[in-house]
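What follows is a short report on a single structure.
Please treat every number below as a calculation from the coordinates, not as lab data. Given the structure is predicted, the values throughout are model-derived calculations rather than measurements. Cβ: placed from backbone, ideal geometry, glycine included. Neighbour counts: every protein chain shown.
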Amino acid sequence: MKVHLARIGSYPLADTMAQLALHSRRHEVVDSPEAADLVLLCGSFSYNPEYLLENSVYRAHRAKCAVYTCDDAYLALAPGVYASPRRGVSTHAGRVRSHAYAWTFGGHGNPAVELARTAPLAPAGEPEYLFSFVGSPNSTLRRRLLRRYRDAPGIQVRDSLPYYKHFDHSAPGRDEGQSSYVDTIRSSAFVLCPRGWGTGSLRLFEVMSLGGAPVLLADAYVLPRGPDWDSFLLRVPERKIGALAEVLGPEAGSSRRRGEQARAEWEKWFSEAVLFDGIVDAAAEAWQAGRRWDPLYRRIPAVLVRLFRLRLWATQAATRALGLVRQSKPGAPKARAGTTPARRAAE
């Protein structure tokens, strides 16, 4: 398939995809949208839907456009691949497909993870922790995890926000925080992958790439197609986070096998060598499925945008009320003048 990559918004996800395309075995990147079978618009537009709706390439070639975004919150105005998809009408219809986060290989990748991927797995032995989670408290679920397990013996659950801001390259202690993040994963029988601001998390794919045994805590998240998830992934309902030790303890003996299988599935489906083709394949499937729905979405984009912004406003209001702190990610809405640092982070 001939694919033209175009940018949405300011985040250079299309540039990362162009680098990944160098490994493609099935698709060809072309410079002209007119010559393409599929136009893949890559970037961030959920907080600013006009970035998509007013995009010149999208307006001129909408009939063959799909999108790829790593936005946490999203509005499915166009069919495509959404890295943080939630179960709903668009996923059931097939016009929203799930896949991995390409930016794990771009400028926002964790160099410590990339380095550790090339190192052999640690010799078999007793893990230091039954399970671990190192991350920011950017959801109610994560806050509950931190309150419940912060000082629990044999468990490592800690807030990374004071010393490791993943999307802030200038943050003090960032390098040390990234290395500590990897060390904790490799010292754990299981690694929790709880939902954050969105339903998905790049942590799932990082843990897989490091040979860790992931535990998914995200009821509404739709897993990408392809991997044999049941062979290694444990899915625990969000309501059961208070019983994680009881759930995971009996499974501790299988963690090594699960981690090795997770790594094998990552190599097959999400590694640098195959990621571009996988994303394009999923986008093409979403584009085909979405064609029957496109006339409806053409008629009501303004209504969808209003409803989305109302839901987003309600979520942010609840977040601020709970005192949650959110890392600044590409595509996040700009802070209003006069807000406090904590509120700017939350927004």
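Quick notes
- Of the residues PRO237, VAL207, TRP197, the one whose Cα sits farthest towards the positive end of the charge dipole of segment 175-283 is PRO237 (charges of +1 on Lys and Arg Cβ, -1 on Asp and Glu Cβ, taken about the Cα centre).
- For GLU265, GLU34, the sequence from fewest to most other C-beta atoms within 10 Å is GLU34, GLU265.
- Computed 3J(HN,Hα) for segment 206-218, one whole-Hz value per residue from the Karplus formula 6.51 cos²θ - 1.76 cosθ + 1.60 where θ = phi - 60°, is 5, 4, 4, 5, 8, x, x, 9, x, 10, 8, 10, 6, glycine and proline marked x.
- Annotation for segment 100-153: trypsin sites (Lys or Arg not before Pro) lying in DSSP loop with at most 12 further Cβ atoms inside 10 Å of their Cβ are ARG150.
- Descending by average beta-carbon neighbour count within 10 Å, the peptides 102-114, 206-218 line up as 206-218, 102-114, the highest first.
- Computed from the C-alpha gyration tensor, the three semi-axes of the ellipsoid equivalent to segment 188-245 are 16, 14, 11 Å, from longest to shortest.
- Long-range amide H partners of VAL29 with built H, under 5 Å: VAL3
- Karplus 3J(HN,Hα) series, Hz, for segment 91-100 with 6.51 cos²θ - 1.76 cosθ + 1.60 (x for Gly, Pro): 6, 5, 6, x, 7, 10, 10, 9, 7, 7
- Close amide-amide hydrogen proximity is noted between ARG7 and CYS42, each under 5 Å apart and 5 or more residues distant or on a separate chain (H modeled in the peptide plane; Pro and chain starts excluded).
- When the Cα gyration tensor is reduced to axis lengths a ≥ b ≥ c, the ratio a/c stays below 1.5 for segment 111-269, which is therefore classed as rounded.
- When +1 charges are put on Lys and Arg Cβ atoms and -1 charges on Asp and Glu Cβ atoms, the dipole computed for segment 90-229 relative to its Cα centre reaches about 600 debye.
- Over segment 208-287, relative contact order from alpha-carbon pairs under 8 Å, at least 6 apart, %: 42
- Given their separation in residues at 0.36 nm each and the Cα-Cα distance between them, LYS268 and GLU128 gain 47.5 nm when the chain is fully extended.
- LEU234 long-range amide H proximity, modeled H, under 5 Å: LEU216
- Segment 1-109 - charge dipole about Cα centre, Lys and Arg +1 at Cβ, Asp and Glu -1, debye rounded to 20: 420
- Karplus-derived 3J(HN,Hα), 6.51/-1.76/1.60, for each residue of segment 221-231, Hz, glycine and proline x: 6, 9, 6, x, 6, x, x, 7, 4, 5, 6
- Only one residue of VAL113, VAL182, PHE131 has its Cα farthest out toward the positive end of the dipole of segment 111-269, where Lys and Arg carry +1 and Asp and Glu -1 on Cβ, and that residue is PHE131.
- Taking 0.36 nm per residue of separation and subtracting the current Cα-Cα distance, fully stretching the chain between ASP230 and LEU115 would add 38.6 nm.
- In a fully extended conformation the segment linking ARG158 and LEU53 would gain 33.8 nm over its present Cα-Cα distance, using 0.36 nm per residue.
- Residue exposure proxy: CYS65, CYS70, ordered by other Cβ atoms within 10 angstrom of their Cβ from fewest to most, comes out as CYS65, CYS70.
- Ranked for footprinting exposure by Cβ neighbours inside 10 Å, fewest first, SER231, SER84 give SER231, SER84.
- Modelled label positions at THR140 and LYS240, each set 7 Å beyond Cα in the direction of Cβ, lie 2.1 nm from each other.
- Förster radius 41 Å - calculated FRET efficiency between ALA252 and HIS23 (Cβ-Cβ, nearest 0.05): 0.65
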